[in-house]
1. Using the Cα centre of the protein assembly as shown as the reference point, and only Cβ charges (+1 on K/R, -1 on D/E), how large is the resulting charge dipole? Debye, rounded to the nearest 20.
2. How much of B:Asp40 can a 1.4 Å solvent probe reach, expressed as accessible area in Å² and rounded to 10?
3. For chain B, set up a GNM with springs between Cα atoms under 10 Å and report which of B:Ser205, B:Ser24, B:Ser234 has the largest fluctuation.
4. Please tell me the relative contact order of the range B:41-291 in percent, rounded to the nearest whole number, where contacts are Cα pairs under 8 Å and at least six residues apart.
5. For the protein assembly as shown, what number results from the quotient of the Cα radius of gyration and 2.2 N^0.38 Å?
6. Pick out which of B:Leu51, B:Leu146, B:Leu230 has the largest mean-square fluctuation in a Gaussian network model of chain B, springs linking Cα atoms closer than 10 Å.
7. Please find, in a Gaussian network model of chain B (springs between Cα atoms separated by less than 10 Å), the residue of B:Leu31, B:Leu231, B:Leu16 whose mean-square fluctuation is greatest.
8. Let me check against my output: what whole-number percent is the relative contact order of chain A, with C-alpha pairs under 8 Å and at least 6 apart?
Amino acid sequence: MSRSRRATEEPGWVRYGLLATGLGFLFFFLGLPLVAVFVEALAQGLPAYLEALREPEARSAMGLTIGIALAVLPCNIVFGVAAAWAIAKFDFKGKSLLITLIDLPFAVSPVVAGLIFILLFGAQGTFGPWLAAHDIKIIFAVPGMIIATLFITFPFIARELIPLMQSQGKEEEEAAISLGASGWQMFWRVTLPNIKWGLLYGVILANARAMGEFGAVSVVSGHIRGETNTLPLHVEILYNEYNQIGAFAAASVLALLALVTLVAKTVVEWRMKKETAMLNTVLAPEKTG
Amino acid sequence: MTTHSHRVLPGFGLSLGYTLVYLSLLILLPLGGMVLKTADLGFAQVVEIALGERSLAAFRVTFGASLAAAVVNGFFGLVVAWVLVRYEFPGKRFVDALVDLPFALPTAVAGITLATLYAGNGWLGRWIEPLGLKIAYTPWGIVVALIFVTLPFVVRTLQPVIEDIEAEVEEAAASLGASRWQTFLKVILPAIFPALLTGFALAFSRAVGEYGSVIFIAGNLPLISEITPLLIISKLEQYDVLGATALAVVMLAISFVLLLAINGLQWWAANRYTNREPLEAAAGRASAGAAR
């Protein structure tokens, strides 16, 4: 590879300059913050760190964070698969508008996402009086936090699946149907095995966002300690109380989650590449050396 | 394409119907409801709130810092993407995976960490402050937080495009006498420019709405380092729901314009680099420049 590129390579000093610039930038803006989270969390030793994590409020925040993610992900998985099926396998009018609308939550500020649900379900909101009369709490309670998280993580899975299913075409599914498979048989035996890595990829990204969301959840949570505090909100409260160890201990759990996310994402990317490479090598063996 | 193939696969009505209902209930109706809410205020009052001294200052800080962060990431993102695609170095796969950290790390964690790093006694602040530059608790802090949060966008939109540049095009330019710098300016840059602009716009759009990472490092002084999302929240906390809504609708309108612009850019980028003609024409242009 380097041999064929020699005529089109940068001079050595440019190469090293670019390498130093790029890696230096990443070191200062990514590497250092990542290390700092753990160093700050362990600043007073392991016992103080574990103590901070064993606190009941920290534990309930972790529980709520996991609970919200478990409530949100199935809804968005079903939506993502349905939307990708309709968009990738059929032609209809307004398709590109639909794709743009699915992207909308990516463009909306998390704070605005929280606000729109306050306007609907808050005390002075559209459904506020009705909800109060029936003693249903959505805002400043867990249901509101789930709805806000649903909004924020809405596009992730659909965005992964649409291009994947478009590139796969529909011949395999059509073959299954014409051989007499029912719709569900076709879905479980043909479609799902084909999209499983893409689906998993979307779920990994959506999960990271669901567990880490701050702005939207913060607006609708009401910050009731031990009740409507997710881990990111718990980090904020402790930090504002100058509890540096507690804040960074909770933050380190979220940073570990981020690292697990990155590893899982890389593994899935590698699996997807391997599967497409297997197909490609049959057609055109790659040059080596 | 034809109505025929519609009939072969099942589930069109079900999947599209479900998609539209879910989209409407969760996204469109709530957003529409907020826009309708501003009808209570009237257009003139929305404009008055949006152009108030404090709101205007918040918009200026938000857009200024977002623009600065997107420019910084446009430059360094190009360098990082180039290095990751074209050069070999130990630990490359690790570095490549690390680029996505800002997508995976919750913004609150980024916020408190950057604030701690850049504070006067922090690892970085203690070296930077003696130089006369305060970063934490100033508008510069906002820029730093936004650089972190939007770092992956430019890198990730550029990487596949740089990978797709065919070696022959660069070889052609070189063999026709173009210097490496001319080849970059006249062959490579035009080929990757739509993607660079897309990454820039994605970064800018994300930065404008960002809240979690910014509030810890910004200092949040009204008129100086207060961003619009924070102003919306403080209006909400003072029970000024209409004021918050007016600002939110302005933000929403801006996000929507940015979203349309990004879609347009992506379409341009997709049609640009799959088409080989402009690249070959560009190789000719570069050599023409060299001849002159």
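The values are calculated or read from the model by the stated rules, or taken from the named source; none is laboratory data. These numbers were taken from a predicted model, which means no experiment stands behind them. As a convention, Cβ positions derive from the backbone with ideal geometry for all residues, glycine included, and neighbour counts pool all protein chains shown. Keep in mind that these areas ignore ligands, DNA and RNA; they rest on the heavy atoms of the full protein, side chains included. Shrake-Rupley method; radii C 1.70, N 1.55, O 1.52, S 1.80 Å.
1. Numbers: 39 positive and 40 negative charges, 190 e Å.
The calculation lands at about 920 debye.
2. For B:Asp40, solvent-accessible area is about 110 Å².
3. Between B:Ser205, B:Ser24, B:Ser234, it is B:Ser24 that shows the largest mean-square fluctuation.
4. Details: 323 pairs, mean separation 76.9, N = 251.
This gives 31 percent for the range B:41-291.
5. On the way: Rg = 25.1 Å, N = 581, 2.2 N^0.38 = 24.7 Å.
The protein assembly as shown yields a ratio of 1.01.
6. B:Leu51
7. Top of the fluctuation ranking is B:Leu16.
8. Numbers: 298 pairs, mean separation 83.9, N = 289.
That works out to 29 percent.
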